[in-house]
Amino acid sequence: MTTWHWMLIAGVAVTFYAYAGYPILLVVMRQLRRQPAVSTVKPVTWPRISITLPAYNAERTLRPVLDGLVAIDYPAELRQIVVVSDGSTDGTDALVAEYSHFGVELLRHTPRVGKTEVENFAMTALTGEIIVNTDASVALAPDAVWRLVAALSDPGVGVSSGRDISVAAVGGTAHGGEAAYVGYEMWVRDLETDVDAIVGSSGCLYAVRAQLHRRELPGYVARDFSSALWARLNGFRAVSVRDAICFVPRAASMHVEFRRKIRTMTRGLETLFFHRQLLNPIGYGVFAWFLWSHKLIRWLVPWALTACAIAMIALSSSAWWAAGGVIALAVGLGLAALGWWWPQRDRVPRVLSLAAYFVSGTLAGLLAWMSAMRGHQASLWDPTPRAQTVTK
């Protein structure tokens, strides 16, 4: 076999392992090694919690979010809600002030510093034993918060992460490629929870013990990803809570989602490097394998797919199957282009949506690696514009 054959085999192997081989192994391991089930029992004694919500120019989506938070199934006298405005220049601060009679607090930081830095700023104002982190453009099921708190009744659990459901708008319908990927990701986290622990929390909704939350992080580190890693370094597990539902409106467009993926993966790579000691299987065993498989190897898939494409093109002149592969690749790129430029964003045919999501995700991954390797530390926060939040 030639170098091109080996390149193709390696690319296919990496891609298959990242998205199929790893979860298959988790399914097998779950039969051999299973953690105690995450608690779903409503707390008898309610701990004090602080719900923190970083916001930058969130006036358009924030009102229904706050309406939902003040109505959650949790004793009002034991919950603190803090909106941390990161130098907002729209009506965000005035909107939050309207909810002061519900006990919603506003912390404002000027100038704008970015999400992680503004979370650092807010730490000393949080009074809860448990910190619940959420987002200014999502909606929570009424019981989501107490379910996260219930999971933390296990003294071995340090972080509990919600279950994201991608919707066209909260209360609306699921959105093609993004919904499929999010559903897959939640399934993998469920498997990791059953076997050992998840390696990253949902940025839209997660809860963490206060002693684990109260640490300053560099601005380029993603606190949601870091929280699960920091928990393990301190002897705790991070778990996914199946019934703690968070409805996440889709990005306003495929183009916005593309930029979000670049930013998220760049910060993910930088956060992984910040906690790189956890990649050592001698020191961290199964968790290190999870981290390699779920994060690093999956993030290598864009390079693996690029290698596959190059190898097939090189082999297409001498192998009929490679020529067929090149034709399939061209068709896939054509479908992705149609999905990318489809004029009605809410009515993209599913096959076009999936193709566009897959191809744009691959390209975003390549650009994120290039950004991270240049030492780009994306501290400043550019929240993803999302479809209008709607609650029922």
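The calculated FRET efficiency for R48 paired with T89, based on their beta-carbon distance and R0 = 22 Å, is about 0.10. A Förster radius of 45 Å combined with the Cβ-Cβ distance from R214 to W342 puts the calculated FRET efficiency at roughly 0.45.
Taking square-rooted eigenvalues a ≥ b ≥ c of the alpha carbon gyration tensor, is segment 82-131 rounded, prolate or oblate, where a/c under 1.5 means rounded and, failing that, a/b exceeding b/c means prolate? Oblate. Long hydrophobic helices in the chain, taken as whole DSSP H segments with a C-alpha length of 15 Å or more on their own axis and mean Kyte-Doolittle hydropathy at least 1.0: 3-16, 22-32, 301-315, 320-341, 350-373. With all protein chains in place and ligands, DNA and RNA left out, the 1.4 Å accessible area ranks K42, K115 as K42, K115, largest first. The accessible area of R63, taken with all protein chains in place and a 1.4 Å probe, comes to roughly 100 Å².
Legend: residues W146, W4, W46, sorted from most to least accessible area (1.4 Å probe; ligands, DNA and RNA excluded), read W4, W46, W146. For segment 295-318, backbone nitrogen atoms closer than 11 Å to the point 7 Å from M373 Cα along Cα-to-C-beta are found at 303. Taking all Cα pairs closer than 8 Å and separated by 6 or more residues, the relative contact order of segment 275-337 comes to 16 percent.
Ignoring ligands and nucleic acids, what accessible area does Y17 show with a 1.4 Å probe (Å², nearest 10)? Around 50 Å² of this residue is reachable by solvent. The residues E117, E178, sorted by heavy-atom accessible surface at 1.4 Å with ligands and nucleic acids left out, run E117, E178 from largest to smallest.
The values are calculated or read from the model by the stated rules, or taken from the named source; none is laboratory data. What you are looking at is a predicted structure, and each value in this text was computed from that prediction instead of being measured. So basically every Cβ, Gly included, is an ideal-geometry build from the backbone, and we count neighbours across all protein chains shown. Note: areas computed on protein heavy atoms with side chains; ligands, DNA, RNA excluded. Shrake-Rupley method; radii C 1.70, N 1.55, O 1.52, S 1.80 Å.
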